[in-house]
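The structure appears below as structure tokens.
Values quoted throughout were computed directly from the atomic coordinates according to the rules given, and no laboratory measurement underlies them. Predicted, not measured: the structure shown is a model, and the values here were computed from it. In this analysis, Cβ positions are derived from the backbone assuming ideal geometry, glycine residues included, and neighbour counts consider all displayed protein chains.
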Amino acid sequence: MQLQVSEDLNRIIAYAREEAMRTGSYGIGPDHLFLGIIRHEDNAAFRSIQSLGVEPADLKSFIDQRIFTNETIPYEQLDHISFSRQAQNVLSITVMEASRLKSPAARPEHLLLALCRTTESYGQVYLRQHGIDYGRLLAYMEDEGMLSSPSAPREEEQPSQGPDQEPEADKKLSIEEFAYDLTQAARDGKLDPVVGRDMEISRVIEILGRRKKNNPMLIGEPGVGKSAIVEGIAQKIASGDISAALAKKRILSLDIASVVAGTKYRGDFEKR
């Protein structure tokens, strides 16, 4: 099944970027996604929290009071605002929720479910204070039929192309557009030194060098140093202090927010 990203969700993601700018942050976090849902208003996620007894204006005020800074970000700096790792994780879970629920598109309701089951945020704290968690929200949406797949979803009409013009959806996209090359960053001296992770780094390198069962997974709470381990491996590749099997490899950090954002036509997400 091909999974697309709904226009409403794309708009909320765009609003989240503007909310980050409004609150003085160069990083888009989960709370900015909450604010994007509230600002959009005309979506199932907004109606769900409202129907469950939460006043969206009060939720917005609760979040604003805790994340608002006095820093002013000029509008021309909007493109410099990027998604935090927590927000990227939320968007990744959003897509997985849509897929798990067999929806043809990732929609605002899937985003709200993801926000209620991932990284702690002020929006999530406020909802819990009002008795709303992932389980209650999922049950409500299922009872209201919000998660059922619409029959025969309408394909958006794509703009006409000239005879010699390559269709927009068929253009080949480079991995560099959606990923950050950690190995190159290490060569350029853009990564901080990794301290106290030698054992973990060596263990991951050992697993990567296997012929079979060579897919390590780093699990832990935010901030414990998972990314530092990966950056440490990138630094070893850059310095040549690594096994021959990995010496010519490079490590790319996928920005899931960049993959999701801007997908409009059916199948765009899978092609990316």
Exercise. Mark the label point 7 Å from the Cα of ASP192 along Cα→Cβ and return the residues of the stretch 228-256 whose backbone N is within less than 17 Å of it.
Key: 228-235
Self-check item: Taking the stretch 4-150 and dividing mean pair separation by its residue count, relative contact order in percent (alpha carbons under 8 Å, at least six apart)
Solution: 30 percent
Quiz prompt | Whole-Å distance, taken between Cα centres, linking the stretch 196-254 and the stretch 35-75 | solution = 39 Å
Quiz item: How high is the FRET efficiency between ASP241 and HIS130 when r is their beta carbon distance and R₀ equals 41 Å, given to the nearest 0.05?
Solution: 0.20
Exercise. Could you tell me, in Å, what Rg and Dmax come out for the Cα atoms of the stretch 1-130?
Key: 14.0, 46
Exercise. Along Cα→Cβ, 7 Å out, is where each label goes; now give me the distance between the ones at ASP79 and ALA179 in nm to one decimal.
Key: 2.4 nm
Quiz item: In nanometres, what is the gap between the two model label sites at ALA139 and LYS213, each 7 Å from Cα along Cα-to-Cβ?
Solution: 4.1 nm
Self-check item: Equivalent ellipsoid semi-axes - Cα gyration tensor, the stretch 179-254, angstrom
Solution: 17, 16, 12
Quiz item: Considering amide H positions built from the backbone, and no H for Pro or chain starts, which residues 5 or more places from ILE28, or on another chain, come under 5 Å of its amide H?
Solution: SER82, PHE83, SER84
Self-check item: Among the listed pairs LYS60/LYS102; LYS190/LYS248; LYS190/LYS249, those beyond 22 Å (Cα-Cα)
Solution: LYS60/LYS102
Exercise. Please name which of ALA45, ALA106, ILE67 has its Cα lying farthest along the dipole of the stretch 1-109 towards the positive end, using unit charges on Cβ (Lys, Arg +1; Asp, Glu -1) and the Cα centre as origin.
Key: ALA106
